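Nothing in this text is a laboratory measurement; each read-out follows from the coordinates by a stated rule. Keep in mind the model is a prediction, meaning the values are calculated, not measured. Glycine gets a Cβ as well: all are built from the backbone with ideal geometry, and neighbour counts include every protein chain shown.
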Amino acid sequence: MLELRDLASGYAGTKGVVVDPVSLTLEAGDFICVIGRNGAGKSTLMRTISGLQPALSGDALLAGQSIPTMSSQERAQSISVVTTDRVSSPGLLARDVIELGRQPYTNWRGQLTNEDISIVEEATYQAGAVTLAPKPFDSLSDGERQRVMIARALAQTSKVLVLDEITAFLDLPGRVEIMALLRRHARETGKIVLLSSHDLELSLELVGQLWIVHDGELSFGSPNTLITNGVIEQAFDNSDVSFDPSQKRFTMNSN
């Protein structure tokens, strides 16, 4: 359903390639977590896949169509994107922001149908944003904003959700709740969910496939495979912290 063909991510000029060319295929219902140290290139890779920035080489295809060749409306109907960028929406309620997820499907007046309203209400409920809906969006905390943006992405009913660090501002119960919600959403609807996170231990428990970005390369596979192959230790171990494969968690090194 989503295919990467020798896709290289990065920037034209001196910075060049950030993530080397990779080829892989994702199927409907896949729930993938992208992990890596700060600055490894996770966001660059995800922006390239979603068509927000051009690939240096190769291509990303959704249902056989090159994503960069899609019109803005086609891409909005196909891919939902949530980033960590702080969005400001003066004068809008949280409900208004969620309703923007239906914009790719409305007429030029932006008028919502009864079906659109039903989709928005269900997305708001699933994201745990019902009590936030009547509040001014700009009055919300960072964690509350993320719930609203997740609700908007769900309301977009796209084939692929690309979510960059969307649990960063949530407490632990909130992170578990959202990760479990997204996993369930992928399984029940056949959507592809591509989520970047710094929460490796939680990702190991919940996702079916991990992508690890390290030293410009993307390694991918099941959590158990990447643990067995030593990929996680290679990417994250340092003089202070080591990954314990038997417990699937990090431990402090003794001095």
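Tell me which residues come under 5 Å, amide H to amide H, from Phe250 once H is placed; ignore anything under 5 positions away on its chain.
Asp244
Roughly what % antiparallel, to the nearest 5, for the DSSP beta bridges in segment 138-233?
Percentage antiparallel, nearest 5: 50.
How far, in nm, would the chain grow between Asp142 and Asp59 when pulled straight, counting 0.36 nm per residue and subtracting the alpha carbon separation?
26.5 nm
Grab the DSSP H runs of the chain that are 4 residues or longer, score each as -39,500 (n - 2.57), total them, divide by all residues and round the 222 nm result to the nearest 500 deg cm²/dmol.
-9500 deg cm²/dmol
How much length is gained on full extension from Ser254 to Glu74, taking 0.36 nm per residue of separation minus their Cα-Cα distance?
59.4 nm
Starting at the first residue of segment 62-77, write each ³J(HN,Hα) from the Karplus equation 6.51 cos²θ - 1.76 cosθ + 1.60 with θ = phi - 60°, in whole Hz, x for Gly and Pro.
10, 6, x, 9, 5, 4, x, 8, 5, 5, 4, 5, 4, 5, 5, 6
Just the Cα atoms of segment 88-158, one point each, no solvent: what log10 I(q)/I(0) does Debye give at q = 0.11, 0.14, 0.17, 0.23 Å⁻¹?
-0.22, -0.36, -0.53, -0.94
For segment 81-196, what is the percent of antiparallel DSSP beta bridges, rounded to the nearest 5?
About 10 percent, rounded to the nearest 5.
Sorted from largest down, give the three principal axis spans of the alpha carbons of the chain, whole angstrom values.
Over the chain, Cα extents along the principal axes are 59, 39, 36 Å.
So if each residue of separation counts as 0.36 nm, and I subtract the Cα-Cα distance between Leu181 and Asn238, what length gain in nm does that give?
Working it through step by step, the gained length comes to 17.3 nm.
Ordered by residue, what ³J(HN,Hα) values in Hz, to whole numbers, does segment 133-140 give under the Karplus form 6.51 cos²θ - 1.76 cosθ + 1.60, where θ = phi - 60° and Gly and Pro are x?
3, x, 8, x, 4, 6, 8, 7
Step through the table entries Lys42/Lys248; Lys42/Lys135; Lys15/Lys159; Lys42/Lys159, compare each Cα-Cα distance with 30 Å, and write down the pairs that go over it.
Lys42/Lys135; Lys15/Lys159
Highest mean first, what order results for 19-28, 206-215, 156-165 on Cβ atoms within 10 Å?
Output ranking for 19-28, 206-215, 156-165: 156-165, 206-215, 19-28.
What nm distance separates the two modelled labels at Ser88 and Val17, each placed 7 Å from Cα along Cα→Cβ?
About 4.0 nm separates the two model spin labels.
Under a crude label model (7 Å from the Cα following the beta-carbon direction), how far is Asp215 from Asp171 in nanometres?
Reported label-point gap for Asp215 and Asp171 is 4.0 nm.
Pop a pseudo-label 7 angstrom from the Cα along the beta-carbon direction at both Ala28 and Glu115 and give the gap in nm to one decimal.
1.7
How many percent of DSSP beta bridges within the chain run antiparallel, rounded to 5?
Of all bridge pairs located within the chain, approximately 60 percent are antiparallel.
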